[in-house]
Amino acid sequence: MAAADQNRHDSAVRPRSYQDESYQHGFLGAVGDLQKAEVLQDVVLEVEGRRFPCHRLVLSAASPYFRAMFTSDMAESRQKTVVLQMIAFHLQGLDAGVFWEILSYIYSGTLHVSLDKVQHLYQAADLLQLDYVRDTCSSYIVMNVHRSTCVDLYKFADLFSMDIVRNQCLQCIYRHFSKVASTEEFCSLSVNQLTEIISHDELDVKEEITVWEAVVRWVQHSKKDRLRHLPSILPHIRFNLLTPYNMVAILDHPLVKRNPGRSAIRNVVKETSNMKKRVGMDTLEMAMIFHSRNNDILFMNPRERKYISRSFPGSRRFYSKTLTVTSDNDIYILGNEDADCNQLSVLQYNHAENAWERASMSSVRWHDELRGISCRSLVEVNGIICLLCVESTGSSRLAVMKKYNWHTDQWQECSQQELMISRPRARGEGFCAAMSCGLHLYVLMNIEMCCYDPTQDHWCKRTPPKVIPKLCTAVSLGTEIFCTDKKFTKTMVYDTESDCWQVLPGWPNPGDLTTIGDPSLFVLENQLHVLLEPYRISTQQKEHYLVFVYDRSADAWRDLEAAVPYKEHMSCGSFSPVARMYLPCLNG
């Protein structure tokens, strides 16, 4: 036999392994069908009086816990009915509903998780040694760590030594400490959990007295039991960062003056230390201005003469659409990563790492039939993330809304609102802005204004600013909305409570100056500002950027003489979001 023929022969007779994937899926489906048809079941599991007929073989194959139960000399291995009691499981949440979800997973491979039952599912999976269920629950919890859930999930993660979840919760507590410390959940922490939190450098507080006030609330929540812990808690408060006035106030506080261990407490309070500042003590409100050419962001606070330029995720892989800052100081960017403009993803800024990361929310897809999109805005309204898309449709526009549900990780379709376009269309009429003000979202255009209530999914018409025909920028402050035109000749303010507009002054004494591009209104440290790129008509040259602040009492704009570093193609635009930035992280 020729060598080539011999090689072909050897290859043909060599043993091989084949895998029938359809058999694997079909087998699991057949097992599920047997369960639904109640065929060949040989054991009944009883939970809270509810009976679940099952197959010992299936249970044993899925769970080491059941395998040990049915293959050993345990009494359950011989019983036709096995009663699973909460006491036996050492669980608080083993109810019939949770156990049904576990069985559903065992027989189908599909797991249904929601925030209200994820902790109970994790506990059951931990005992039954269902690794996939446990890991899935852990990942789900990480995605749902927010200000409203972080303390409860931290306690749960601490109990079950879920390190990844625990660290995620702690980071959330640090960032939102002032708000979290005022909740009932915070007062339910153990003394060890409390001291772990208040001892950390990353606590986001402007003043150390905030930490002391949180400790007072925690102690007074159960004063009789917790007062004795005060001497061990106080060393974690950084008294060297307190003002003399606050130091005296603490020493004179009833919890200290009347404490049996007051001598030791006073010594702790009086001791000087070199403990470092908390991260929140080095924060500064800064407006974000985009450089349209190189995709940088200029973080600026003109009052403090602070200007820091940092890169922004605008590359060939991510095309920015809109940016928003939430009430929790989370910074999100919405954009698409490929040529499909209707498939959008969300990035979130990581303050600690000074980096952009994928946000823990699903991507969102618009209907393919949407065309002529003139505005796309990501806005938070009373804790709800809303995504607004305005589509031009001939003689009108359509406002299409989606809301993000944190519990389901889904974007929900909302009601739509038709918006007008005047004829003939005037130059500058394309302006459209969406902003949060109070409990509502407002959509502002040159000739129309609408208000959206996200809790009721309801739109209503409001009075538009007809006096200014060429709007280019708008921003909310308190219960009011401010806007101005392309040349900053006048400003208008809208009172959302009375549905009335008022005309305010514009650019004071511009002389032979005019503006290039569009002015940008922003609210910094609770005051209205405007950023301008001026152009001197007589010399036909660009001037350095100007920043004005509005003095409400004098009804006038005042030049801050800010000396903003000049960057060509810096986009003033219609929106300059403001965030509280952690300077050590941003500089790093």
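The values are calculated or read from the model by the stated rules, or taken from the named source; none is laboratory data. Nothing here was measured: the structure is a model prediction, and the numbers come from that model. Please note: Cβ atoms are built from the backbone with ideal geometry, for glycine as well, and neighbour counts cover all protein chains shown.
Annotations for the structure displayed:
- Count of residues meeting criterion [β-branched (Val, Ile, Thr) and surrounded by 19 or more Cβ atoms within 10 Å (Cβ to Cβ)] in region 145-172: 3
- Scanning region 456-475 for residues that are at pLDDT 90 or above and more than 19 Å from Ser520 (Cα to Cα) returns Gln456, Asp457, His458, Trp459, Cys460, Lys461, Arg462, Thr463.
- Scanning region 537-547 for residues that are touching a residue at least 24 places away in the same chain (Cβ under 8 Å) and surrounded by fewer than 14 Cβ atoms within 10 Å (Cβ to Cβ) yields Ile537, Ser538, Lys542.
- If you filter region 507-519 down to residues that are surrounded by 13 or more Cβ atoms within 10 Å (Cβ to Cβ) and more than 36 Å from the chain's Cα centre (by Cα), you find that the one that is modelled with the lowest pLDDT is Pro510.
- Residue satisfying all of: in region 371-406; over 21 Å from Ser436 (Cβ atoms) and exposed (fewer than 15 other Cβ atoms within 10 Å of the Cβ); modelled with the highest pLDDT among these: Ser396
- The selection criterion, being closer than 27 Å to Leu121 by Cβ, in contact (Cβ under 8 Å) with a residue 12 or more places away in the chain, crowded, with 16+ Cβ neighbours inside 10 Å and not aromatic (Phe, Trp, Tyr), does not hold for Arg175.
- For first residues located in region 464-475 and basic (Lys, Arg), partners that are crowded, with 23+ Cβ neighbours inside 10 Å and lie 6+ apart or on another chain with Cβ distances below 6 Å form the pairs Lys470/Asp485.
- Yes/no for Met492 being under 33 Å from the mean Cα position of the chain (by Cα) and closer than 27 Å to Ala556 by Cα: yes
- Selection over region 213-232 of residues that are modelled with pLDDT of 90 or more and either among the hydrophobic types (A, V, I, L, M, F, W, C) or touching an Asp or Glu at 6+ places or on another chain (Cβ under 9 Å) (or both) gives a count of 6.
- Checking each residue in region 351-370 for being modelled with pLDDT under 80 and assigned to a strand (DSSP E or B) picks out only Arg365.
- In region 296-330, residue surrounded by the fewest Cβ atoms within 10 Å (Cβ to Cβ) [restricted to those that are among the hydroxyl-bearing types (Ser, Thr, Tyr) and modelled with pLDDT of 85 or more]: Ser327
- Some residue of region 186-195 being farther than 30 Å from Gly383 by Cβ, modelled with pLDDT of 90 or more and not hydroxyl-bearing (Ser, Thr, Tyr): yes
- Selection of region 545-569 for residues being in a loop (DSSP other than H, G, I, E, B) and either within 36 Å of the chain's Cα centre (by Cα) or under 16 Å from Ala287 (Cα atoms) (or both) yields Tyr545, Arg552, Leu560, Glu561, Ala562, Ala563, Val564, Pro565, Tyr566, Lys567, Glu568, His569.
- Filter result for Tyr452 (more than 30 Å from Asp559 (Cα to Cα) and either of a type in the set (A, V, I, L, M) or at pLDDT 85 or above (or both)): yes
- The one condition in (1) within 19 Å of His529 (Cα to Cα); (2) out of contact with any Cys (no Cβ under 7 Å at 6 or more places or on another chain); (3) not hydroxyl-bearing (Ser, Thr, Tyr) that Ile481 fails to fulfil: (2)
Residue by residue, here is whether (1) more than 28 Å from Trp100 (Cβ to Cβ); (2) touching a Phe, Trp or Tyr at 6+ places or on another chain (Cβ under 7 Å) holds:
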| residue | (1), (2) |
| --- | --- |
| Thr136 | no, no |
| Cys150 | yes, no |
| Leu170 | yes, yes |
| Ser182 | yes, no |
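- Test: residue in region 71-93 that is part of a helix (DSSP H, G or I) and modelled with pLDDT of 80 or more: yes
- Search result, residues across region 476-506 that are at pLDDT below 90 and either acidic (Asp, Glu) or out of contact with any Lys or Arg (no Cβ under 9 Å at 6 or more places or on another chain) (or both): Asp485, Phe488, Thr489, Lys490
- Residue count for region 489-518, restricted to those that are in contact (Cβ under 8 Å) with a residue 40 or more places away in the chain and in contact with a Cys (Cβ under 6 Å, 6 or more places away or on another chain): 3
- From the list Leu34, Leu45, the one residue that fits, being aliphatic (A, V, I, L, M), more than 40 Å from the chain's Cα centre (by Cα) and modelled with pLDDT of 80 or more, is Leu45.
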